[in-house]
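To start, the structure under review is shown below, and the notes come after it.
The values are calculated or read from the model by the stated rules, or taken from the named source; none is laboratory data. Just so it is clear, the structure is predicted and the values come from calculations on it, not from any experiment. Positions of Cβ are generated from backbone atoms using ideal geometry, with glycine treated the same way; all protein chains shown enter the neighbour counts.
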Amino acid sequence: MKWIITLLVILTAGYMFFDGAHALVVGDYITPTDGEYAGQLGPWAGLVASIGIDPRSTFMKVIFVVYGFSTLAVLVGFITQQPWGRSALLVMVVLGLWYLPFGTAINIIVMMLLFLKRNG
């Protein structure tokens, strides 16, 4: 179960780190290049905009990088069975629930797996 958790966290946090770093360097996030959603951000953008944060701002890009890096660092603590690893990872996945839709879904799965791992 630890490896499933690890892969799911790497998928979301790793992508957020990569996409945020890409956006800081290139100027924008990775978005679809054609079709109905060309150039559009995911539903998370509406959520952060509703609290007054411009989704394409440097501030938001830095949030992506810091969150992604921090979550990956905490994941190392979880993998190496540090006493704080499970709790810290649980906090990080809760903090990542705003990343609609994929981050939300994957983080909910990780939360359930963390609870199962504790009880199992």
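Observations on the structure shown:
- Qualifying residue in the range 72-80 (condition: modelled with pLDDT of 95 or more and over 14 Å from Thr6 (Cβ atoms)): no
- Hey, Leu89 of a type outside the set (Ser, Thr, Tyr), in a helix (DSSP H, G or I) and surrounded by fewer than 14 Cβ atoms within 10 Å (Cβ to Cβ) or not: no
- For the range 29-39, the criterion of being in a helix (DSSP H, G or I) and at pLDDT 95 or above is satisfied by no residue at all.
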